[in-house]
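Every number here is computed from the coordinates shown, using simple stated rules; none is lab data. Quick caveat: nothing in here was measured; it's all calculated off a predicted structure. Because the Cβ atoms are built from the backbone with ideal geometry, glycine has one as well, and the counts that use them run over all protein chains shown.
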């Protein structure tokens, strides 16, 4: 669907149509929008409005990583605040949109886009002042592995968002659960994550829906501290104190990501 501005600029409208379909409704400098009829409304502008005041207005000197960047909406907003941004996505369709939009917005010098899956980040050495990990976790077949990898990339802050299942209750997690007292696990507030075997919202990649308690527990388990919740399903995090139990997962993490084999092969 084209808006009035697109009708006045047929070549721009042609580009947008050729690059479609769009999941991010980007607002271009002349007022043209890439997905004005989005089923969620003006997405992700309304989501950005929930988090923008929880980030520094001046990100000059910061590096940022936008995981699952799609057409680059969040990458562009961070670049406008002065950050040097790397956007990664596994889908070349969205990366073509993002690179085209960066040119339209004049942000090419500040933003670069790479084709990369979450798990590929394990093989990179960079850490970033700011990481956006939004709308990705529930699409991962191995979500805690992905979160463990991402947590190691966070220098100062992470904005995390995921689809959740209903329930805001929380239990104080016990240090240990006796094997014959597992009934506590079905109580409201116990960290739980629903597995979606088939589809949710007609999307076969919606694999998981954690409850709020599970989100907070997984973030803590990955070595992150939740600072605030600016909106529904959104968490602002920072690196926490090193947890003793995390030291024991390094070998498992390296094996799961192929780094152990790569190291052995280099000998």
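Observations on the structure shown:
- Within the range 171-200, the residues that satisfy the criterion of being touching a strand residue (DSSP E or B) at 6+ places or on another chain (Cβ under 9 Å) and surrounded by 11 or more Cβ atoms within 10 Å (Cβ to Cβ) are 191, 192, 193, 194, 196, 200.
- The residues of the range 218-235 that are under 16 Å from residue 164 (Cβ atoms) and part of a strand (DSSP E or B), listed by number, are 226, 229, 230, 231, 234, 235.
- Residue, nearest to residue 151 (Cα to Cα), within the range 36-60, restricted to residues that are in contact (Cβ under 8 Å) with a residue 24 or more places away in the chain and in a loop (DSSP other than H, G, I, E, B): 55
- Residue match in the range 116-124 (condition: closer than 21 Å to residue 35 by Cα and surrounded by 15 or more Cβ atoms within 10 Å (Cβ to Cβ)): no
- Filtered residues of the range 114-170 (kept if out of contact with any strand residue (DSSP E or B) (no Cβ under 7 Å at 6 or more places or on another chain) and on the phi > 0 side of the Ramachandran plot): 167
- Residues located in the range 201-228, provided they are in contact with a helix residue (DSSP H, G or I) (Cβ under 9 Å, 6 or more places away or on another chain), over 17 Å from residue 145 (Cβ atoms) and surrounded by fewer than 17 Cβ atoms within 10 Å (Cβ to Cβ): 203, 206, 225, 226, 227, 228
- Residues of the range 89-113 that turn out to be part of a loop (DSSP other than H, G, I, E, B), more than 29 Å from residue 209 (Cβ to Cβ) and in contact with a strand residue (DSSP E or B) (Cβ under 8 Å, 6 or more places away or on another chain), as a count: 1
- Yes/no for residue 146 being assigned to a loop (DSSP other than H, G, I, E, B) and either surrounded by 19 or more Cβ atoms within 10 Å (Cβ to Cβ) or touching a residue at least 24 places away in the same chain (Cβ under 8 Å) (or both): no
- Total residues in the range 164-212 satisfying the condition of being part of a helix (DSSP H, G or I) and within 26 Å of residue 228 (Cβ to Cβ): the figure is 1.
- One residue stands out in the range 61-87 among those that are assigned to a loop (DSSP other than H, G, I, E, B) and in contact with a helix residue (DSSP H, G or I) (Cβ under 6 Å, 6 or more places away or on another chain): the one that is nearest to residue 124 (Cα to Cα), namely 69.
- Given (1) more than 12 Å from the chain's Cα centre (by Cα); (2) surrounded by fewer than 21 Cβ atoms within 10 Å (Cβ to Cβ); (3) closer than 14 Å to residue 66 by Cα, number of the condition residue 128 does not satisfy: (2)
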